[in-house]
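Student: Following this message is one structure expressed as structure tokens.
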Amino acid sequence: MNYGQHGKQEWIKTTCAYCGVGCGIEAKVETSMHSADLIVQVKGDQTHPANFGRLCSKGLALGETVVNQGRLLQPFIGSEPSNWDQALDLVAQKFQRTIEQHGPDSVAFYVSGQLLTEDYYVANKLMKGFIGSGNIDTNSRLCMSSSVAGHKRAFGTDTVPNVYADFEQAELVVLVGSNLAWCHPVLFQRLKAAKSQRPNMKVVVIDPRHTDTCAIADLHLPIKPGADVLLYNGLLAYLAKQECLNDAYIESHTEGFPEALACATADFNDATFFDRLGVPPSLVTTFYRWVAQTAKTLTVYSQGVNQSSAGVDKVNAIINTHLATGRIGKPGCGPFSVTGQPNAMGGREVGGLANTLAGHLEFDNPRGHELISEFWQSPQLATAPGLKAIELFDAVADGKIKALWIMATNPAASLPNSNKVKTALSNCDFVVVSDCIADTDTTRLADVLLPAQGWAEKSGTVTNSERRISRQRQLIESAGVAKPDWWIVAEVAKRMGFGDQFNYASEADVFREYAQLTTLGQDEPSCRRDLDLSGLTDISDRQYQNLEPLQWPFPAPDPAHLPKRFFAEGKFYTANQRGQFIAVGYRPPQTATSVDYPLVLNSGRIRDQWHTMTRTSLAPRLCGHRPEPFVSVSAMDAKAHSLNEGDIAQIDSPYGSCLGRVRIGEEVSPGQIFMPIHWNDTNSSKGRISAVVSPEYDPISGQPEAKFTPVQMSPWPYQSEAMLVTRVAVELPEECYWVKQTVEQGLLYYIASLASPAELSAQLNALLGEEFQVNALGFTDTGRGFTRCARVRVGRLVDCLVVADRLADKDYGWLADLLVSRIDTSVQRSILSGIAEGDLAHGKQICACKKVGLKTLQRAISEQGLTSVEALSLATDAGTGCGSCLPELGEILKQFPAGG
Ligand code: SF4
């Protein structure tokens, strides 16, 4: 890598690549003293209004992911390296020929909330405007499309009415289906700071799981999975009964209230109401009473609400309560959907979802269609919505879609029922994948691979959950011949004969055109809408480069930077400008549990990983906290299924199977289990949970029901376990369970097998070769097959293998430290005994930023008699980085009390 045009050893302001909080970052590029590599330093941008200098563990580790290792560095056709001209010509020809033979709906794009707005805009313009099909959908479908649909039903547009400052101004914050502490950590930190400054502020968590977010909750309602509509209908009925409604707001600015209230009351008055909720009436009533009493109530919701076959109804049930109380658009209150991805919002703006046209203009708006058609000079602008993600891949499976272009996403690992998706991609006539990573579950199935720029190379804009547009700036030159996604799409468009409309000189050019599109028809009643960037239509390249974070709508330059909220005075974007109550009745999840599949599988993110780990797994410090796929299970279910802590459980659904390490605790209630979404076939053999997850989806939004899959659980009857530390990747036997973890200077493999320890030991010894068998220190008990061997060269570890029937202490993570340690006699003793000594004995990683392990924390508690999180943090440094581990420190203090 070389310095980019902006990489002049100065701090450059840019934006985090991960979640929808959209934190501002300052990054500096330096050369390494020891290699040709560049070092990208990262710190929080003190001036960015999303985070004011804070970052979470993932954001802080971004610099460690800027490596050439694993990058897609040039185009490939099949498995053969190619060049841009050949690859682009082929993509254009294949798409063109397919369209000629089978029509525009025989092709599709599947894009991503990881794309920048400029990338998204050009991709949407090509598919809807010039190919003439609506078949462009995005992985944001899996993340927040239920919120989009709910917003449109209630507000007339996909409008997020709130701003992040509402977290500081609210008096009651209700977190629904949101593990904010792990999934939006900087918002959690803002909320926590606000609560500690104003102790009267209350936080309610509504989630079937007891997550780290509950650490700051005054009340946790572990409702039954999928019961959100019921809870919120009950709230609406309660507010009406207690005469806590805002009649003036309902009267002046809304319609549909009587029908919505009738539906809500029917649910609330049902004799089974509390049974179906699954929460004691006293807790529910407390929650209702707090809402009734608190004008500044902010409801924050996320994937727990959206990822449901009733996701849109859940969103509207929440919004109904805010419309009924007039608590919307004012400081500290409102229904606030926080998005999962860094640019899910940008995709929504430009039309990246198959069922929207562009710039918040919809397919069912003839005047909007006319304006866009004229603006793009595209006579064949699509006239109907395209296929949403699940339908789109079903159409690939059915052979209806014959050419598919996947950009910046990994559907073979992330879509539900992913075995079917993999088969569909294998059988599809032509699959193009543009990505910055070479080896993903999806790139393995591509006919053409196109190298896209990575985070540090890209330049453009992203929009966060509070509608704030921020610049992502180029820090370094592209790896290999990687190109911006917008450039790749434009080059294909030109080769398809649409050169005049895709002749962009730069991303700034694209942005200006997009801003111009948002102005179309704003003065006409039928096209009046929220998204308006008229103040940015003629910004110069220099102004674009220096663009400060700003919120839309942006009709004109706004020196005061006042927070922009919507709907305090009504003025919704519906035909009559009234907000719409939607009458929703509770519907249980699409598929119920049964004798064959008695448990409910819930899925979600973990603290230190992102999506399918293609980038976060490059940073060793992000890999230690939860190194393996796991199954959280209650003690009661563990016992009923003959599972102990640390065992491996097999999870089966009608769609597929996966394995995970058992974690027993109080996180989930009996009848439910939880697994993380991140592992896939490139970093594990059987950890791909998406193979199990149900493809059922919401009938309106098309968002899959990723939080509710009926499953069966059983012990995986492995006979042997191993840990392998190596400096290079190895090919492990297919039939094994294995998980690969990136560690400093190498890899750590967790392995289990149905074979005996002797057989597994023989297999792994053979894999490491004769030289290992001859030169490794340690021993192998040939009878039982137990092995503890390490190969050392000039005082440095080359590789290390431990095999047993059961590894007594699952925490062998310290073995990985051997790759960066000098191998002295105490280290050799540790290898031979299997018990970490001295500096190695820090235990499983808890704090990713400061690399503090569990044993270090336990020692500090017992030796210093520590009793508070603050004291433990002070003594060990844990939690002094991003602070995401502080809730876990509290749990550790409870589990291992001083003197306990
Ligand atoms: Fe990135 Fe973390 Fe901020 Fe999300 S909260 S944008 S992952 S630093």
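The values are calculated or read from the model by the stated rules, or taken from the named source; none is laboratory data. As the structure is a computational prediction, the values presented were derived from the model and not from experiment. So basically every Cβ, Gly included, is an ideal-geometry build from the backbone, and we count neighbours across all protein chains shown. Just so you know, the surface numbers come from the protein's heavy atoms only, side chains and all, with ligands and any DNA or RNA stripped out. Shrake-Rupley method; radii C 1.70, N 1.55, O 1.52, S 1.80 Å.
Student: Among the listed residues VAL774, VAL792, VAL798, which satisfies the condition of being in contact (Cβ under 8 Å) with a residue 40 or more places away in the chain and either of a type in the set (Val, Ile, Thr) or touching an Asp or Glu at 6+ places or on another chain (Cβ under 6 Å) (or both)? Show your work before the answer.
Tutor: On the way: VAL774 fails: in contact (Cβ under 8 Å) with a residue 40 or more places away in the chain; VAL792 fails: in contact (Cβ under 8 Å) with a residue 40 or more places away in the chain.
Matching residue, one of VAL774, VAL792, VAL798: VAL798.
Student: A further question on this structure: Being in contact with a helix residue (DSSP H, G or I) (Cβ under 9 Å, 6 or more places away or on another chain), over 21 Å from GLN609 (Cβ atoms) and not acidic (Asp, Glu) is the requirement here; does ARG688 meet it?
Tutor: On the way: in contact with a helix residue (DSSP H, G or I) (Cβ under 9 Å, 6 or more places away or on another chain): yes; over 21 Å from GLN609 (Cβ atoms): no; not acidic (Asp, Glu): yes.
Answer is no for this residue.
Student: Could you go through region 467-474 and let me know if any residue there is more than 24 Å from ASN162 (Cα to Cα) and either assigned to a loop (DSSP other than H, G, I, E, B) or of a type in the set (Ser, Thr, Tyr) (or both). Write out each step before concluding.
Tutor: Of region 467-474, the ones more than 24 Å from ASN162 (Cα to Cα) are 473-474.
Keeping just the survivors that are either assigned to a loop (DSSP other than H, G, I, E, B) or of a type in the set (Ser, Thr, Tyr) (or both) gives 473-474.
Yes, region 467-474 contains a residue that is more than 24 Å from ASN162 (Cα to Cα) and either assigned to a loop (DSSP other than H, G, I, E, B) or of a type in the set (Ser, Thr, Tyr) (or both).
Student: Take LEU221 and decide whether it is away from the ligand (no atom under 16 Å from the Cβ), under 16 Å from VAL284 (Cβ atoms), of a type in the set (A, V, I, L, M, F, W, C) and touching a Lys or Arg at 6+ places or on another chain (Cβ under 6 Å).
Tutor: On the way: away from the ligand (no atom under 16 Å from the Cβ): yes; under 16 Å from VAL284 (Cβ atoms): yes; of a type in the set (A, V, I, L, M, F, W, C): yes; touching a Lys or Arg at 6+ places or on another chain (Cβ under 6 Å): no.
In short, no.
Student: Identify all residues within region 432-462 that are part of a helix (DSSP H, G or I) and more than 10 Å from THR409 (Cα to Cα); write none if there are none. Show your work before the answer.
Tutor: If we filter region 432-462 for residues that are part of a helix (DSSP H, G or I), which is where we start, we get 443-445.
Across region 432-462, the qualifying residues are ARG444, LEU445.
Student: Taking GLY497, is it in the same structural domain as THR463 (by TED's automatic domain parsing), assigned to a helix (DSSP H, G or I) and modelled with pLDDT of 95 or more? Quick ask: steps written out before the conclusion?
Tutor: Numbers: in the same structural domain as THR463 (by TED's automatic domain parsing): yes; assigned to a helix (DSSP H, G or I): yes; modelled with pLDDT of 95 or more: yes.
Judged against the criteria, GLY497 is a match.
Student: Would region 474-489 turn up any residue that is within 16 Å of the ligand (Cβ to nearest atom) and either open to solvent by 10 Å² or more (accessible area, probe 1.4 Å) or over 25 Å from the mean Cα position of the chain (by Cα) (or both)?
Tutor: Taking every residue of region 474-489 in turn, none turns out to be within 16 Å of the ligand (Cβ to nearest atom) and either open to solvent by 10 Å² or more (accessible area, probe 1.4 Å) or over 25 Å from the mean Cα position of the chain (by Cα) (or both).
Student: Moving on to the next point. Right, GLU524: surrounded by fewer than 20 Cβ atoms within 10 Å (Cβ to Cβ) and within 17 Å of PHE130 (Cβ to Cβ) or not?
Tutor: So GLU524 does not fit the description; no.
Student: Inside region 642-675, can you point out the residues that are touching a Cys at 6+ places or on another chain (Cβ under 8 Å) and open to solvent by 20 Å² or more (accessible area, probe 1.4 Å)?
Tutor: Taking region 642-675 first, the residues touching a Cys at 6+ places or on another chain (Cβ under 8 Å) are 650-651, 675.
Residue satisfying the conditions is GLN650 alone.
Student: May I ask you to list the residues in region 42-64 that are more than 10 Å from the ligand (Cβ to nearest atom) and either at pLDDT 95 or above or open to solvent by less than 20 Å² (accessible area, probe 1.4 Å) (or both)?
Tutor: Initial filter on region 42-64 (more than 10 Å from the ligand (Cβ to nearest atom)): 43, 45-47, 49, 52-53, 63-64.
Across region 42-64, the qualifying residues are LYS43, ASP45, GLN46, THR47, PRO49, PHE52, GLY53, GLY63.
Student: If VAL205 satisfies all but one of (1) open to solvent by 30 Å² or more (accessible area, probe 1.4 Å); (2) within 25 Å of LEU277 (Cβ to Cβ), what's the number of the condition it fails?
Tutor: It is condition (1) that VAL205 fails.
Student: So, one more: Against the definition (assigned to a loop (DSSP other than H, G, I, E, B) and hydroxyl-bearing (Ser, Thr, Tyr)), how does SER478 come out, yes or no? Walk me through it before giving the result.
Tutor: Numbers: assigned to a loop (DSSP other than H, G, I, E, B): yes; hydroxyl-bearing (Ser, Thr, Tyr): yes.
So SER478 passes the test.
Rundown of residues vs (1) out of contact with any Gly (no Cβ under 8 Å at 6 or more places or on another chain); (2) surrounded by fewer than 22 Cβ atoms within 10 Å (Cβ to Cβ); (3) part of a loop (DSSP other than H, G, I, E, B); (4) without any contact (Cβ under 8 Å) to a residue 40 or more places away in the chain, yes/no style:
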site	(1), (2), (3), (4)
PRO557	no, yes, yes, yes
LYS564	yes, yes, yes, no
PHE567	no, no, yes, no
ARG587	yes, yes, yes, no
ALA592	yes, yes, yes, no
TYR597	yes, yes, yes, no
HIS625	yes, yes, yes, no
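Student: Which members of region 481-521 meet the condition of being closer than 20 Å to THR409 by Cα and of a type in the set (Gly, Ala, Ser)?
Tutor: Answer for region 481-521, where residues must be closer than 20 Å to THR409 by Cα and of a type in the set (Gly, Ala, Ser): ALA482, ALA490.
Student: Looking at (1) open to solvent by 10 Å² or more (accessible area, probe 1.4 Å); (2) among the hydrophobic types (A, V, I, L, M, F, W, C); (3) in contact with a Lys or Arg (Cβ under 8 Å, 6 or more places away or on another chain), which is the only condition VAL229 fails?
Tutor: Only one criterion is unmet by VAL229, namely (1).
Student: Check whether at least one residue in region 165-188 is away from the ligand (no atom under 16 Å from the Cβ), without any contact (Cβ under 8 Å) to a residue 12 or more places away in the chain and not β-branched (Val, Ile, Thr), and report yes or no. First the steps, then the outcome.
Tutor: Just the residues of region 165-188 that are away from the ligand (no atom under 16 Å from the Cβ), to begin with: 165-166, 168-174, 176-177.
Within this subset, residues satisfying the condition of being without any contact (Cβ under 8 Å) to a residue 12 or more places away in the chain are none.
No, because not a single residue in region 165-188 is away from the ligand (no atom under 16 Å from the Cβ), without any contact (Cβ under 8 Å) to a residue 12 or more places away in the chain and not β-branched (Val, Ile, Thr).
Student: Continuing with this model, one more query. Take ILE673 and tell me if it is touching a residue at least 60 places away in the same chain (Cβ under 8 Å) and not assigned by TED's automatic domain parsing to the domain that holds ASP441.
Tutor: On the way: touching a residue at least 60 places away in the same chain (Cβ under 8 Å): yes; not assigned by TED's automatic domain parsing to the domain that holds ASP441: yes.
Yes; evaluated as a whole, the condition is true for this residue.
Student: Let me spell it out: the conditions are (1) open to solvent by less than 50 Å² (accessible area, probe 1.4 Å); (2) within 12 Å of the ligand (Cβ to nearest atom); (3) not acidic (Asp, Glu), and VAL67 meets all of them except one. Which number is the exception?
Tutor: (2) is the only condition that VAL67 fails.
Student: Residues in region 332-367 that are closer than 27 Å to VAL186 by Cβ and hydroxyl-bearing (Ser, Thr, Tyr): how many?
Tutor: Number satisfying all stated conditions: 2.
Student: With the requirement that a residue be of a type in the set (Val, Ile, Thr) and surrounded by fewer than 17 Cβ atoms within 10 Å (Cβ to Cβ), what does region 841-888 give you? Show your work before the answer.
Tutor: Of all residues in region 841-888, those of a type in the set (Val, Ile, Thr) come to 846, 852, 856, 861, 867, 869, 876, 880.
Passing the criteria: THR867, THR880.
Student: A further question on this structure: With respect to PRO366, determine if the residue is at pLDDT below 95 and of a type outside the set (A, V, I, L, M, F, W, C). Steps first, answer last, please.
Tutor: Working: at pLDDT below 95: no; of a type outside the set (A, V, I, L, M, F, W, C): yes.
No.
Student: Here is a follow-up. Which one is nearest to CYS849 (Cα to Cα), of the residues in region 628-641 that are open to solvent by less than 30 Å² (accessible area, probe 1.4 Å) and not in a strand (DSSP E or B)? Can you show your working first?
Tutor: Within region 628-641, the first condition is being open to solvent by less than 30 Å² (accessible area, probe 1.4 Å), and the residues that meet it are 628-634, 637-638.
Now narrow it down to the ones that are not in a strand (DSSP E or B): 628-629, 634, 637-638.
Details: GLU628: 19, PRO629: 21, SER634: 30, ASP637: 34, ALA638: 32 Å.
Among those that are open to solvent by less than 30 Å² (accessible area, probe 1.4 Å) and not in a strand (DSSP E or B), it is GLU628.
Student: Six or more apart or on different chains, Cβ atoms under 6 Å: show the pairs whose first residue is in region 876-897 and of a type in the set (D, E, K, R) and whose second is buried (at least 21 other Cβ atoms within 10 Å of the Cβ).
Tutor: Pairs that qualify, where the first residue is of a type in the set (D, E, K, R) and the partner is buried (at least 21 other Cβ atoms within 10 Å of the Cβ), are GLU888/ILE846.
Student: Has region 92-115 got any residue that is in contact with a helix residue (DSSP H, G or I) (Cβ under 7 Å, 6 or more places away or on another chain), assigned to a loop (DSSP other than H, G, I, E, B) and at pLDDT 95 or above?
Tutor: Step one: list which residues in region 92-115 are in contact with a helix residue (DSSP H, G or I) (Cβ under 7 Å, 6 or more places away or on another chain), which gives 92, 95-96, 98-99, 104, 106-111, 113, 115.
Keeping just the survivors that are assigned to a loop (DSSP other than H, G, I, E, B) gives 113, 115.
Those still in the list that are at pLDDT 95 or above too: 115.
Yes: region 92-115 contains one or more residues that are in contact with a helix residue (DSSP H, G or I) (Cβ under 7 Å, 6 or more places away or on another chain), assigned to a loop (DSSP other than H, G, I, E, B) and at pLDDT 95 or above.
Student: For residues that are more than 24 Å from PRO629 (Cα to Cα) and under 39 Å from the mean Cα position of the chain (by Cα), scanning just region 792-821, find the one that is surrounded by the most Cβ atoms within 10 Å (Cβ to Cβ).
Tutor: Within region 792-821, the first condition is being more than 24 Å from PRO629 (Cα to Cα), and the residues that meet it are 792-798, 820-821.
Now restrict to residues that are under 39 Å from the mean Cα position of the chain (by Cα): 796-798, 820-821.
Numbers: ARG796: 15, LEU797: 26, VAL798: 22, VAL820: 13, SER821: 19.
Looking at the filtered set, the residue picked out is LEU797.
Student: Next up: Pick out, from region 311-407, the helices (runs of 4 or more DSSP H) lying fully within it that include 2 or more residues that are among the hydroxyl-bearing types (Ser, Thr, Tyr) and either more than 25 Å from ALA17 (Cα to Cα) or within 16 Å of the ligand (Cβ to nearest atom) (or both). Give the derivation first.
Tutor: Values: elements: 311-325, 344-350, 366-376, 389-397.
Output list reads 311-325.
Student: Also, quick follow-up: Residues that are open to solvent by less than 10 Å² (accessible area, probe 1.4 Å), within 25 Å of GLU524 (Cα to Cα) and aliphatic (A, V, I, L, M): does region 377-395 have at least one?
Tutor: yes
Yes or no, residue by residue, for (1) within 11 Å of the ligand (Cβ to nearest atom); (2) open to solvent by 70 Å² or more (accessible area, probe 1.4 Å):
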{"site": "CYS16", "(1), (2)": "yes, no"}
{"site": "GLU26", "(1), (2)": "no, no"}
{"site": "THR31", "(1), (2)": "no, yes"}
{"site": "SER79", "(1), (2)": "no, yes"}
{"site": "LEU90", "(1), (2)": "no, no"}
{"site": "GLN93", "(1), (2)": "no, yes"}
{"site": "GLU100", "(1), (2)": "no, yes"}
